[in-house]
Amino acid sequence: MTIDNSIRGQKIARNIVLYVILVLLCIYFVFPLIWMLFTALKPVTEAYELPLRILPRHVTLSNFTRGWREVNFSRFLVNTILVAVPAVIGTLVSASLVAYGFSRFKVRYSAFFFSLLLATMMIPQQITLIPTYLIWSRFHLIDTYVPLILPSWLGGGAFNIFLLRQFISGIPKELDEAAFIDGANSFQIYTVIIIPCIRPALTAVGIMSMVYHWNDFFSPLIYLTSKKNFTIAIGLQFFQSSYGGNTNYQLMLAVAFVSLIPLILLFLFCQRYFIQGITTTGIKG
Amino acid sequence: MYGRRGDTRRFFLYLSPWLAGFAVFTAYPFIYSIYLSFTNTTISGSGRFVGLGNYIRSFTREPLFLQSFGNSLYYVAVFTPLSIILGLLIAVLLNRRLPGINFFRSAYFMPYITAGVAVTMLWKWIFNPTYGIVNFILSLFGIPGPPWLNSPDWAMNTIIIINLWNIGNVIIIFLAALQEVPAHLYESALIDGASPAKSFFHVTLPMISPKIYFNLIMTVIFGFQMFTQPYVLTGGLGGPLNSTHTFMLYIFNTGFKYSEMGYASTLAWILFVVIMLFTQIFNLSSRFWVFEE
């Protein structure tokens with residue numbers, strides 16, 4: 001009896017310790033975002049008040065409204081949506097098509113091309129960056145959204161193809177064959193059988209792709225030159241050193257927080273599928 | 001149904017988007033950039049062949065070259081092991097079947113979801129020497145906070161600390177790997193009298209070593225490409241005494257600010273060779289510690 005109790009006591013103590021660590025880490029990972037919100041809600045006088053207070057004494061929404069108007073944030077938001085949504089759709093469509101090809105059609109050279117696919121993941125962006133820029137420049141597509149969207153429709157990234165291919169390979173071929181016997185061609189099998197089965201992986205790819213395109217800084221930085229075309233990532237830069245050399249953090253954090261809300265909502269909405277998509281693909285290094 | 005006639009045609013049909021993209025955006029630029037590295041092409045696309053001039057120039061007439069390279073190397077050398085170890089430990093923690101663990105898993109992924117310019121600026125505010133919350137908390141303990149991003153000694157380390165917040169992708173890959181380790185291996189170890197620590201080192205680590213290898217290589221490759229943080233946190237100019245002037249920033253400024261696309265391609269290729277060296281070293285060493293089934 002006493003041995004059982006002491007073991008149970010040990011277990012409870014250990015669980016308490018684990019929960020404490022979990023909560024501390026949770027604070028570490030989430031608090032900065034909360035701090036962002038609190039700073040945004042404080043009137044200007046409070047944020048620069050020393051000693052710092054965590055909670056705002058007076059909650060104000062003026063930072064949000066002022067910040068939004070100062071840089072015409074609506075424009076940036078619309079632009080970001082105009083870039084991110086087509087790019088994500090393109091990624092989902094093309095990556096799944098290519099992954100289907102890799103997974104189901106094992107012809108003589110398929111292994112070679114698959115190794116090629118994996119190899120491209122190792123090429124750093126700097127190598128292809130400059131020639132790619134020069135290509136777009138020659139076609140006069142600088143300052144358009146084409147360089148930001150088109151690549152997503154041509155495969156959507158090696159990693160995404162790889163992820164989806166692993167997932168598709170896990171679907172039993174008997175399902176394909178049953179459909180085939182019913183007279184389906186390969187494309188119908190793709191739409192009717194494969195796509196519904198890989199929903200978790202598609203969700204994962206969709207979210208990763210959305211996060212990537214929504215937050216992308218580098219590509220808009222080099223390809224967009226006129227203010228009316230800027231995305232949120234570039235637009236936030238306007239808050240830096242536009243007030244006599246000092247960044248107005250409050251306006252910036254307020255507007256930035258708003259720009260993060262769609263992503264946070266999307267993730268919270270899809271998190272179960274997302275985690276499932278990543279963890280059950282059997283990503284083999 | 002697979003393995004019939006016409007499958008080759010179908011294979012290439014389904015791969016066609018990627019094949020087209022590969023040809024235009026990977027293969028052609030790859031080869032063209034080699035050529036560019038031997039020219040002095042500008043942003044307008046015109047330039048002349050200069051042979052090895054760019055390469056020689058980088059080593060002899062550009063002090064910023066060595067400094068940028070050193071900065072990036074420092075970052076990779078410090079950040080990579082820290083992120084992998086920390087990521088693994090957190091994944092182990094998250095792997096437990098405690099009630100409510102899913103909430104924590106989602107919470108720990110928040111940084112990855114929100115990563116970008118917005119959050120980077122947030123961190124600049126958090127590490128602000130006067131009004132930032134980090135120095136405030138330190139002052140509560142009587143520790144005078146350093147000037148963080150304004151100090152040549154601390155700036156790069158601050159970036160490393162900030163990026164350690166962002167290791168959600170590492171965590172999730174480790175989490176997936178941990179969940180794939182067959183339970184019976186742990187049971188056998190337990191029967192053989194292994195302590196939790198022993199089973200971690202002799203069962204867990206070997207079984208997830210392929211993912212450690214994957215994360216290692218990916219972290220190194222992305223580490224050399226880090227751009228947003230140095231650019232946003234310390235301005236496009238490289239920070240205090242150029243301490244945060246990473247190699248990627250160097251390439252960017254060279255190509256897009258100073259318009260020297262030929263020289264920038266040279267730099268990109270030197271970096272690529274270095275990354276390949278790293279990858280090869282990891283590859284060769286993998287025989288000794290990566291366990292393939």
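Structure values in brief
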read-out: Yes/no for B:A176 being modelled with pLDDT of 85 or more and open to solvent by less than 20 Å² (accessible area, probe 1.4 Å); value: no
read-out: Filter pass, B:Y258 being surrounded by fewer than 18 Cβ atoms within 10 Å (Cβ to Cβ), over 23 Å from B:P81 (Cα atoms) and more than 8 Å from every other protein chain (Cβ to nearest Cβ); value: yes
read-out: Helices (runs of 4 or more DSSP H) contained in the range B:140-196 and holding at least 2 residues within 30 Å of the chain's Cα centre (by Cα) and more than 30 Å from A:L52 (Cβ to Cβ); value: B:168-180
read-out: Single residue of A:A178, A:A184, A:A158, A:A201 found to be more than 11 Å from chain B (Cβ to nearest Cβ) and small (G, A, S); value: A:A201
read-out: Those residues of the range A:1-15 which are within 11 Å of chain B (Cβ to nearest Cβ) and either of a type in the set (F, W, Y) or open to solvent by 90 Å² or more (accessible area, probe 1.4 Å) (or both), in sequence order; value: A:R14
read-out: Checking B:W269 against (1) among the hydrophobic types (A, V, I, L, M, F, W, C); (2) open to solvent by less than 30 Å² (accessible area, probe 1.4 Å); (3) at the interface with another protein chain (Cβ under 10 Å from one of its Cβ atoms); (4) touching a residue at least 40 places away in the same chain (Cβ under 8 Å), the condition it does not meet; value: (2)
read-out: Criterion: surrounded by 15 or more Cβ atoms within 10 Å (Cβ to Cβ) and facing another protein chain (nearest Cβ under 7 Å) - qualifying residue of A:L77, A:L33, A:L82; value: A:L33
read-out: Residue count, the range A:49-63 (criterion: more than 14 Å from chain B (Cβ to nearest Cβ), crowded, with 16+ Cβ neighbours inside 10 Å and not in a loop (DSSP other than H, G, I, E, B)); value: 0
read-out: Per-region count, the range B:113-127, residues of a type outside the set (G, A, S) and closer than 18 Å to A:G235 by Cβ; value: 8
read-out: Candidates A:I181, A:I232, A:I222 - the one that is of a type in the set (A, V, I, L, M, F, W, C) and closer than 30 Å to B:F214 by Cβ; value: A:I222
read-out: Subset of the range A:106-140 (residues that are of a type in the set (S, T, Y) and more than 7 Å from chain B (Cβ to nearest Cβ)); value: A:Y109, A:S115, A:Y133
read-out: The listed residue being open to solvent by 20 Å² or more (accessible area, probe 1.4 Å) and outside any loop (DSSP other than H, G, I, E, B), out of A:I123, A:I127, A:I161, A:I135; value: A:I135
read-out: Output for the range A:104-120, where each listed residue is surrounded by fewer than 23 Cβ atoms within 10 Å (Cβ to Cβ) and either at pLDDT 90 or above or not in a loop (DSSP other than H, G, I, E, B) (or both); value: A:S110, A:A111, A:F112, A:F113, A:F114, A:S115, A:L116, A:L117, A:L118, A:A119, A:T120
read-out: Selection status of B:M248, at pLDDT below 90 and either closer than 29 Å to B:F49 by Cα or not aromatic (F, W, Y) (or both); value: no
read-out: Test: A:I135 is of a type in the set (A, V, I, L, M) and at pLDDT 90 or above; value: yes
read-out: Candidates B:R105, B:R96 - the one that is within 8 Å of chain A (Cβ to nearest Cβ) and over 17 Å from A:I27 (Cα atoms); value: B:R96
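The values are calculated or read from the model by the stated rules, or taken from the named source; none is laboratory data. Being a predicted model, the structure only gives us computed values, none of them experimental. Please note: Cβ atoms are built from the backbone with ideal geometry, for glycine as well, and neighbour counts cover all protein chains shown. These accessible areas exclude ligands, DNA and RNA; they are computed on the full protein's heavy atoms, side chains included. Shrake-Rupley method; radii C 1.70, N 1.55, O 1.52, S 1.80 Å.
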